[in-house]
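Asker: I am attaching a structure below and will ask some questions about it afterwards.
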Amino acid sequence: MVQKLWSRAADAIHRVLSKCAFPALMLLAGIFFVQNKAEIADNFAQLGTATAELLILAIAGAMLLSWIMRLDGQRRRTIVIEVGMQNAAQAILIATAVMQDGRIAIPAIIYALVMNIVLLLYVGGYKFTAKKQ
């Protein structure tokens, strides 16, 4: 509705928010990381493995489904990245704002850290292979 009524304003808001979303997530994760660094360090091996497995399975599922649906390469990459990123912010928000317990956010923070590493490797791998072709 906003897009229909105020398309210029909606476009301007979209440009600003699209550049702020990822840094805001990283800032939020960083704040909670600093606040809970001892508990994160104590649980990183177990939670890091579990979150990495969850992320890799989600990415593999996204790749498989987008391949089955015969989407082009750009759409496949977009879906893979979106599937990987969307869960962290929601989990951190629910843990901190709704449940008001930073300890519950620890798995989400670890997921956010692992997610960034895995997705950066994914994007870097794509860019590396694209240059060779």
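Asker: Sort PHE44, PHE32, PHE128 by heavy-atom solvent-accessible area, probe 1.4 angstrom, most to least.
Answerer: Largest accessible area first, the list is PHE128, PHE44, PHE32.
Asker: Rank LEU28, LEU93 by accessible area, highest first, at a 1.4 Å probe radius?
Answerer: LEU93, LEU28
Asker: Put a dot 7 Å past each Cα toward the Cβ at ALA50 and CYS20; how far apart are the dots in nm?
Answerer: If labels sit at CYS20 and ALA50, their model points lie 3.4 nm apart.
Asker: Do you know the relative contact order of the chain, to the nearest whole percent, from alpha carbon pairs under 8 angstrom that are 6+ apart?
Answerer: Dividing the mean separation by the residue count of the chain yields 28 percent.
Asker: Subtracting the Cα-Cα distance from 0.36 nm times the residue separation, let me have the gained length for LEU57 to ALA41 in nm, one decimal.
Answerer: Length difference between fully extended and current span is 3.4 nm.
Asker: Could you grab the relative contact order for segment 64-123? Cα pairs under 8 Å, six or more apart, rounded to a whole percent.
Answerer: 29
Asker: Moving on. Residue-wise, which Karplus ³J(HN,Hα) couplings in Hz belong to segment 63-78, taking 6.51 cos²θ - 1.76 cosθ + 1.60, θ = phi - 60°, and x for glycine or proline?
Answerer: 5, 4, 5, 5, 5, 4, 7, 6, 6, 6, x, 5, 5, 4, 4, 4
Asker: Roll a 1.4 Å probe over the protein chains and send me the accessible area per residue for the chain in Å².
Answerer: Here the per-residue accessible area is 71 Å².
Asker: Additional query: Whenever you get a sec, compute what percent of the accessible area on segment 18-69 sits on carbon and sulfur atoms (1.4 Å probe).
Answerer: Here it works out to 75 percent.
Asker: Quick check on the chain: take the gyration tensor over C-alpha atoms, sort the square-rooted eigenvalues as a ≥ b ≥ c, and tell me if it's rounded (a/c under 1.5), prolate or oblate.
Answerer: In terms of gyration-tensor shape, oblate.
Asker: Also, quick follow-up: Can you sort GLU39, GLU82 by solvent-accessible area, 1.4 Å probe, largest first?
Answerer: My answer, sorted largest first, is GLU82, GLU39.
The values are calculated or read from the model by the stated rules, or taken from the named source; none is laboratory data. All of these numbers come straight from a predicted model, not from anything done at the bench. Because the Cβ atoms are built from the backbone with ideal geometry, glycine has one as well, and the counts that use them run over all protein chains shown. Just the protein is used for accessible areas: all its heavy atoms, side chains included, with ligands, DNA and RNA removed. Shrake-Rupley method; radii C 1.70, N 1.55, O 1.52, S 1.80 Å.
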